[in-house]
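Values quoted throughout were computed directly from the atomic coordinates according to the rules given, and no laboratory measurement underlies them. Note that the structure is predicted; figures quoted are calculated from it, not measured. Virtual Cβ from ideal backbone geometry, glycine too; neighbours counted across all protein chains shown.
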Amino acid sequence: MKFKTFAAFIGPSVFMMLLFIAFPLVSVFQQSFYITQPIYELVDVETCTPGFLTQTCVTETQSMPTLDEHGEIITQTEFVGLQSYRNVLELGRAWEALSAGSWTAFQSIDFWKALRFTLSFTLITLPLVICAGLGIAVMINNATKAVRGPVIFISLLPFIITPVIGALSINWLFRGDGILTAALEWYLQRDIAMFAQAWTIEILMMFYRVWHVAPFAAIVFYAGLQTVNQDSLESAIIDGASRWQRLKYIIIPHLMPLIVFISMIHLMDSYRVFEEIVGFSSQGHVISLQWLTYDFLVPDQAGNRSISRASASAMLTMIGIALLLVPLLRRTWRDHHGGH
Amino acid sequence: MKLKTLLAAGVVAMSSTAAFAGCAIENSVPLKSLSAGFEAWKAVTDAMGECGNFEASLDQEFREKQPEAFAADPSLYHIGGVANATMIPLLNAGSIRPLDDLVAKYGQNLTPNQLIKVDGKVMAVAMMVNAQHMMYRADILEDLGIAQPTTWGEVLAAAEKIKAAGVVEYPLGGTFKTGWNLGEEFVNMYLGEGGTFIGEGNMPTINNAQGVAALETMKAMTAYMDPEYLVSDSTYVQQQFQQGKIAMANLWASRAAAMDDEAESQVVGKVVMAAAPNGSAAPASSLWWDGIVFASNMSDEEADAAFQVAMEGIDSEMVSANNDAAVWLIKGYTPGKLATGAAATAANGALPYPASGPMGIMHTELGNGIADYLNGAKDAATTLADIEAAYMTAAKEAGLVQ
Amino acid sequence: MSARALQQPLPLRVTSNAFLALWCLIAAFPIFWIMVQSFKTPVDAYDSNALNVILGPETLARGHGMSVLQILLGLGAVWLTIRLASRTLPAFVRGSLEGGLQWFGWIIGSTVLGIGSVLALFGLVPWISEILNPFLGPLGTDVLGLTTEHYKTVWIERGFFRNFQNSLLITAGVVTISLSVGTLAGYGLARSGSKLAFWILIVALIFRALPHSVLVAGYLPVFINSSEWLAPILGENAPTLYGKPFAVIAVLVAINQPFTIWMLRSFFQNIPAELDEAARVDGCSHFQAFRRVIMPVMWPGVITTGLFSFLLAYNDFLVTSLLLDAQNQTMVPAIAGMFNRETTTTDQVVAVAAAVSITAPLFFLVMVFQRQIVSGLTAGAVKG
């Protein structure tokens, strides 16, 4: 294919990605090295606010941003190098905590706390999703033809449901005296509070993620199972291979590209875990890297936002994803060069 | 001539009664508003909508959108709904206009108490106040012979008795959800201890005996609360009350009406509204107001129309139709027994929420940092020191501290 | 032959099916539960006793209930809908319509069926049972507390219909544009073995991994001030992009591109290159070959990819909540708004009803397209 034709085909898609993804990304990268802030001046301000019946007026010295002649806030932008990264990483405190051997102190630093949760969330749910997906696919494949349709339909539900609503629906089942907590309490004959400590919330979040993603894995694997080479299966049976051996030596290798595909998607999606934090309102106990970025980014009630730290933390998150993906990317590289 | 105009106006009014019922003027300038989405705003914007040509955005992301949208030229919205704290960024950026002449022209029905003045200029028109105050189950306290608690010491003692008697699942409720809610609880407690948040040069001043006392009271409360307190927001506490699971809570005045809602409450008539308990110095509560601001970046005709429509939105008719939706500051409001808590709290000398730019950062850091203390990961002094350090980082980045 | 050899021992089959049943329970239960809640009064919906939530004594006491007859009729209507959606409609569309017409068939068929089943469930069933109940004695008395008032509140009083329309508009826009742009790129990438193609794919993969909140927050100021910075190019009529559905469509298409082109590329790779070479020998240009020869055999892949685009656009919260204002808000942020503002318990149940409402079209979609998804994936997508 000539380059010109190639460019014509991919042009629109690449243009959209450049405009809406690459361009913002570059500006985020740049912002992580600069700090932009308004120039404040001290002004005495008298403010009168309503009480229940009468007003109270106070005069205070406040920092007000200076405005230019168009009424816009004057800002100054300063190159700060890696300062924002240092502010996010808090290496000094982290090192102090580690050399004192205190894991609790280390885990009270936001970035490391978020990294710990994000990594464990990603690495624990990954095998669970693959195994659950594979298991469900094999079981559907075992079932009689008549029930396969309805079963696939039900299996797909957790995947298609709007994530915000899926997380809430699981949240309600367990929160306070939600019916599943009540059932557990009745069964174990003791008081249970699922949202009172970090580990139970983490389990709930992981359960939700596996519940949400396993159906997708299952359906992809099920599709893969339909194309398993029947001849090699038969010859394996003739050779006396057990069911387990057939799964291990024929089916799984056949599904390997799909397993890699699912792993890749899952790594990317779970590394940026965010909806769970909001949906289960777990901020008091566990936070994730994307939540940290988001928290820097949203303005507080007085309109301050930490753009520079948000950019730095976003870049750090990206580096993490890139590192996780390296082994999978190398595989893609080999495939690409090995021809299709 | 005059008669003719009147007649013409009458015909127009007749022909459009359906659309403009309840609004004295007919608005011809297209107007838009952006505000938070709770019941009171819904009532007010519905009343504004009766004047025609008006679109309201009740948006939970309004805090994020408002500064940008009002700074655009022309402003994307004409009318904004703000509270003490959310007015700060608009005020700082000069994107809301002084209202003195408009108030003089169309504001006959406003009381002086409603006019929010900054440096003598009216910058916003308040419509309601809100504060956290004590709500308690009168039946339970009476049965156990407990008098209405007026200090946090008494509240904790009462909680102990209720726990010992085992009448309810948890004696206390609290809006301790990590983030803004938890920050607000500390702000109340710390004000009750007589503390100040920000000192000279915008330096933080919370790491002191008063801060520790505030934290210790909060921790003492958690012993009597649902162990899932870090996820409980106002709606959750309200439900706990309605289902009879808690006996006392320092809850928002705007939630009072829900206690007596027959459709969902099992404790109708049993919950009494009282003043917020005192800390060692003052009531452990802060007064908030919600009000209306107008964009700078719009034409004077638009401002005229917007102000008139807004006045229709906060008139006595709206109040009489929605009397219990909030503690209104508007003429025509009859404070019922649901408002007694807020009134008593203000009368006891509760301070207004100390809204300012640095306070915004402080509130966020408090909301994120206190959970570590309640979880037992840090002691009180370390928690406060870490919050101050986090405040310093953010304030330096914002340019508030050199 | 192999059928007997592959036959499984009974215990294995029993265990396998038992686990499958367990999985189905886990998969469906949370969704089933919010559906049940949405039909109850607040007191019942949040009761900690599961039986009370299902039977709804309080709801029944307030005079909202269903008789045995009505339950049976309702179940019948649901069964009929499922049957029609999963069997009759796909069979009809595939059997009697061809090529481009199939699209219309799918769309019109699903719409008619969707509206029909809503009418049957909420209109016909209550009407029939109201007439028949008095004659049936015990069968005709209300036994199950159930009320549709929250749905009425959502759809009629709260104007949820407008959010529904906005969602449809945005979803339709995203699916169409995303597929048109994506098929072109997917084809180009599949047929080019160049280094550039490889690097585009890798970069796309990294884009796929980006945390969205980072990108999205950067859009807000740019979108709000767009009339200022677009003015030099477009003059007086430069639009404010904030609050415009087409701007949100563009953003969602872009965010969705990496996944779309990867997926479509692997579909195209499974179509032998000989096919377009043959067409080229006959004198077609690359583009003609693409349109006349390749696209007709690509429909399964396009439909499968389209479904994923649909899910992304329909379920999106981050972009739509930030870049749209109340007048053209889609359903998901509207529901999140209902939950997050100061609410009464009744409001919460109303929001649950809204949540169930937005899930219904997804149900329906999967019913209709279920085979398409499986056969599409089987046809050889997702090779990694």
Check your understanding: What whole number of Å gives the distance from the Cα centroid of the stretch A:73-113 to the Cα centroid of the stretch B:257-278?
Key -> 46 Å
Review point. What lysines sit close enough to C:LYS40 to cross-link, taking a C-alpha to C-alpha distance under 20 Å and skipping anything fewer than 8 places away on the same chain?
Key: C:LYS152
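Rounded to the nearest 0.05, what FRET efficiency is calculated for A:ASN142 and B:ALA165 with R0 set to 60 Å and r the Cβ-Cβ distance? Could the numbers behind the result be given before it?
On the way: r = 58 Å, r/R0 = 0.97.
E between A:ASN142 and B:ALA165, to the nearest 0.05, is 0.55.
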**Study point:** Cα-based equivalent ellipsoid, chain A: semi-axes from gyration tensor eigenvalues, Å
**Key:** 48, 30, 20
Review point. Where a Cα-Cα gap under 15 Å defines reach, which aspartates and glutamates qualify for B:LYS105, not counting those fewer than 8 residues away within the same chain?
Key: B:ASP300, B:GLU301, B:GLU302, B:ASP304, B:GLU312
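In the P(r) worked out for the stretch A:106-208, what percent of Cα pairs fall beyond 20 Å? Display every interim value, and only then the final one.
On the way: 3053 of 5253 pairs.
When all Cα pairs of the stretch A:106-208 are counted, 58 percent exceed 20 Å.
Taking the Cβ-Cβ separation of C:VAL281 and A:LEU19 as r and a Förster radius of 41 Å, what is the calculated FRET efficiency to the nearest 0.05?
Details: r = 38 Å, r/R0 = 0.92.
Efficiency computed from Cβ-Cβ geometry: 0.60.
Report the extension gain between A:SER235 and A:VAL80 in nm, rounded to one decimal, defined as 0.36 nm multiplied by the number of residues separating them, less their alpha carbon distance.
On the way: separation 155, 0.36 × 155 = 55.80 nm, distance 6.72 nm.
Full-extension gain reported as 49.1 nm.
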Check your understanding: In the protein assembly as shown, which cysteines lack any other cysteine Cβ under 4.7 Å from their own?
Key -> A:CYS131, C:CYS24, C:CYS284
Revision key, fill the gap. Ranked on Cβ counts within 10 Å of their own Cβ, fewest leading, C:ILE249, B:ILE116, A:ILE259 go A:ILE259, C:ILE249, B:ILE116
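All other residues with a Cβ under 13 Å from the Cβ of A:LEU325 taken together, and with Lys, Arg as +1 and Asp, Glu as -1, what is their net charge?
Working: positive: A:ARG272, A:ARG330, A:ARG331, C:ARG208; negative: A:ASP269.
Every neighbour counted, the sum reads +3.
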Review point. Helix A:3-17: angle to the longest alpha-carbon principal axis of chain A, degrees 0 to 90, nearest 10?
Key: 50 degrees
**Study point:** Rg in Å to one decimal, and Dmax rounded to a whole Å, for chain B via C-alpha atoms
**Key:** 22.9, 80
**Study point:** Distant-in-sequence amide H partners of B:ASN278 (H built 1.01 Å from N, under 5 Å)
**Key:** B:THR151, B:TRP152, B:ALA284
Review point. So what's the gap between the Cα centers of the stretch B:301-352 and the stretch B:146-211, to the nearest angstrom?
Key: 28 Å
**Study point:** Spin-label model distance (nm) - C:LEU22 vs A:SER27, 7 Å beyond Cα toward Cβ
**Key:** 5.2 nm
**Study point:** Under 5 Å, built H, 5+ apart or other chain: amide partners of A:GLY284
**Key:** B:THR178
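Note down, for the stretch C:249-384, the three equivalent ellipsoid semi-axes (square root of 5 times each alpha carbon gyration tensor eigenvalue), biggest first, whole angstrom.
Values: eigenvalues 331, 55, 23 Å².
That gives 41, 17, 11 Å for the three semi-axes.
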Check your understanding: Bin by bin, in steps of 5 Å, what percent of the Cα pairs in the stretch C:160-378 do you find, going until the bin that has the longest distance?
Key -> 1, 6, 12, 14, 15, 15, 13, 10, 7, 4, 2, 1, 0, 0, 0
Practice item. Calculate how steeply helix C:345-378 sits against the longest principal axis of the alpha-carbon atoms of chain C, using the helix alpha-carbon long axis, and give the answer as 0 to 90 degrees to the nearest 10. Key: 50 degrees
**Study point:** C:TRP199/A:LEU323 FRET efficiency (R0 22 Å; Cβ-Cβ; nearest 0.05)
**Key:** 0.70
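Over all distinct Cα pairs, what is the inverse of the mean 1/r for chain C, reported as the Kirkwood hydrodynamic radius in Å?
Every distinct Cα pair counted, the radius reaches 24.5 Å.
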Check your understanding: What's the angle, to the nearest 10 degrees (0 to 90), between helix A:179-188's Cα axis and the longest principal axis of chain A?
Key -> 70 degrees
Revision key, fill the gap. Quotient of Cα radius of gyration and Kirkwood radius for the stretch B:50-99, i.e. Rg/Rh, equals 0.96
Check your understanding: Counting other Cβ atoms within 10 Å, which GluC sites (Glu not before Pro) in the stretch A:27-128 have at most 12 and lie in a DSSP loop?
Key -> A:GLU69
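Which whole-number percentage describes the relative contact order of chain B, with Cα contacts under 8 Å and a sequence gap of 6 or more?
Details: 726 pairs, mean separation 99.1, N = 402.
Computed value for chain B: 25 percent relative contact order.
Counting every Cα pair in the protein assembly as shown, what percent are over 56 Å apart?
Details: 117374 of 633375 pairs.
Of the Cα pairs, 19 percent sit more than 56 Å apart.
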Check your understanding: What percent do you get for the relative contact order of chain A when only Cα pairs under 8 Å and 6+ apart count?
Key -> 21 percent
Practice item. Output ³J(HN,Hα) for the stretch B:323-331: one whole-Hz value per residue in order, computed from phi by the Karplus curve 6.51 cos²θ - 1.76 cosθ + 1.60 with θ = phi - 60°, and x for Gly and Pro. Key: 3, 9, 6, 6, 8, 6, 9, 8, 4
**Study point:** Separation of the B:ALA220 and C:ARG291 label points, Cα + 7 Å toward Cβ, nm
**Key:** 8.0 nm
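First select every other residue whose beta carbon is under 13 angstrom from the beta carbon of A:GLY279; then total the charges, Lys and Arg +1, Asp and Glu -1. Kindly include the intermediate steps, with their values, before the conclusion.
Numbers: positive: A:ARG175, A:ARG209; negative: A:GLU275, A:GLU276.
Neighbour charge sum, excluding A:GLY279 itself: 0.
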Review point. Taking the Cα-to-Cβ direction at B:ASP139 and at B:ALA389 and moving 7 Å from each Cα, how far apart do the two end points lie in nm?
Key: 5.1 nm
